[in-house]
1. Just want to confirm a number: the relative contact order over the range 338-461, from Cα pairs under 8 angstrom separated by 6+ residues, in percent.
2. On C-alpha positions alone, give me the angle between the axis of helix 321-332 and the longest principal axis of the chain, in degrees, nearest 10.
3. I need the calculated FRET efficiency for the pair E135 and I12, taking r as the beta carbon distance and R₀ as 41 Å, to the nearest 0.05.
4. Enumerate the amide H contacts of E430 below 5 Å, restricted to partners 5 or more residues apart or on another chain; note that Pro and chain-start residues carry no placed amide H.
5. Principal axis lengths of the range 1-74 from Cα atoms, whole Å, largest first?
6. Could you compute the net charge surrounding R519? Neighbours are other residues with a C-beta less than 12 Å from the C-beta of R519; K and R count +1, D and E count -1.
7. Kindly provide the pair-distance distribution of the range 77-204 built from C-alpha pairs, with 10 Å bins from 0 and whole-percent values in order of increasing distance.
8. In Å, what Rg and Dmax follow from the Cα atoms of the range 2-255?
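Nothing in this text is a laboratory measurement; each read-out follows from the coordinates by a stated rule. Since the model is a prediction, treat every value here as computed from it, not as a measurement. Ideal geometry is used to build each Cβ from the backbone, glycine not excepted, and the neighbour counts take in all protein chains shown.
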Amino acid sequence: NENKSSNFLRHIILEDLRSGKVDHIYTRFPPEPNGYLHIGHAKSICLNFGLGDEFKGKTNLRFDDTNPVKEDTEYVESIKEDVKWLGFEWDNLFFASDYFEEMHKRAVLLIKKGKAYVCDLTAEEMRKSRGTLTEAGQESPYRNRSVEENLDLFARMRQGEFKDGEKILRAKIDMSSPNINLRDPALYRIAHASHHNTGDTWCIYPMYDFAHPLEDAIEGITHSICTLEFEDHRPLYDWVVRECEMENTPHQYEFARLNMTNTVMSKRKLKQLVDEKVVDGWDDPRMPTISGLRRRGYTPEAIRAFAQAIGVARSESLVDSKMLEHFIREDLKLRVPRPMAVIRPLKIVITNYPEGQVEMLDADNNKENPEMGKRQIPFSREIFIEQDDFMETPPPKYHRLYPGNEVRLIDAYFIKCEEVIKDEVGTIVEIHCTYDPETKSGTGFTGRKVKGTIHWVEATQAVPAEFRLYDALILDDREEEEGKTFLDYLNPNSLEILQGFVEPHMRAARPQDKFQFPRHGYFNVDPKYTTPEKLVFNLIVSLKSSFVI
Ligand code: ATP
Ligand code: MG
Ligand code: MG
């Protein structure tokens, strides 16, 4: 695949295999189960599982669940579902919390080696004493406690003798290191909190920087891939693996996270949208979560093609969200049917068509893909067209329906506007037209031409449907100004709900079925609001875009 060259990690792995640094590859995707996965995680999933598959290695799904407070089994289940839906299979499913005993042993080993100590500074005192980029760190007054005292205090931390924040276990590395991460970082903290997996077994929990390298080493991960924020943590990662005397030596590699225009990409912020009911859940079709994209109508194929196309690099960039849209259009173009739907209906009465008569007309399911076959659609005296396909006083170059004008109905006849019917306050209620039986589609009629072609749905058999049109949830990508948060940039018009009609055979449509509605875009049958009585469609994406790949 030509795009694979834009993944620098592939080249590192090829070189590692060639030089014999490794003889197999083993990756992992390590989400913290504190929220639903988003499109940024999809990049990481495609990367880790993609490398595992390509190099006939293995990939684990590992829940990095070392923080009891924010984690939940609901998130665990959603993450498993999302990874599977994207089309990947893990070789093993692990929980970091299953290694708590092992991690604790390694911490004790560090204490015995004089490489870790219990510190009584408060979080704030510790933060200050670690200094800044320009200011060296200050050693903690507790730094030189004896091994015996540290072992005793750490045991009592585990036994629950101290309150949250009262004591902390720190690595003893180098308070004058130019890398702040090496200035005696925290390894274990006290948290009297129930854990989703281990319950109340523990009241001390390992910090990410201590836990993650151990998790990788325990599982035999060869290439531990993370985002660039962790670049400066790499020396600490290596220190932990070395000083804890782990058998396996995993290596950390960093890549640039996915950032996308008009998109919040942080579980914390997405959770805020859910908690504050700005959206109707993690799977709201406006959310950039994998579950939201799925409900919107995105396919795994489109998301994987997108992940492939954006590539993997070490420099930060901002991807245009239109690029993601491009891939769903490409994926659906030839493989979904294109029935007609009227989303803002206007009634047309064809006065010269026999009352009570209904005829069936042939229509292609997808004009660009004849393999999709044909369907039959009813036609009669009453049909719906789109409100904006009629204008009483048309501007120049308007070729659709207006008084005296003739247009072509897709797959049916020419109709001519004869009369505009209004109610007592002047609102248009219906349009009376005549049709010309000679002009039936497919008969090869060439007698005269019309400039406009419009879509329609026969009225007596039409199936009522709800259409949910979406726009960006976030208005623009301005940096948040002083005193404002991303919630101040919400688009008040990100959802528009319309009631219209679809063709009668659409009664058979099921949740997650996808269609192109000519002129409107690609739509998905919403799995949450669709009932046996009512179809609800989510706009996936409009038909056209100025975006070129
Ligand atoms: P968030 O900041 O959105 O809460 P996170 O990084 O805290 O995400 P984790 O569950 O810790 O989420 O991430 C699991 C994996 O997904 C990590 O390896 C992380 O690097 C990767 N990841 C998270 N966000 C992105 C992103 N925007 N682009 C690429 N990879 C990402
Ligand atoms: Mg995280
Ligand atoms: Mg994060």
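1. Taking the mean separation of contacting Cα pairs over the length of the range 338-461, I get 31 percent.
2. So the inclination is approximately 60 degrees.
3. Numbers: r = 35 Å, r/R0 = 0.87.
Efficiency at R0 = 41 Å is approximately 0.70.
4. I421
5. Here the spans come out as 44, 26, 16 Å, largest first.
6. That sum, taken over residues with Cβ under 12 Å, equals +1.
7. The calculated distribution, bin by bin, is 12, 35, 27, 17, 8, 0.
8. 19.0, 60
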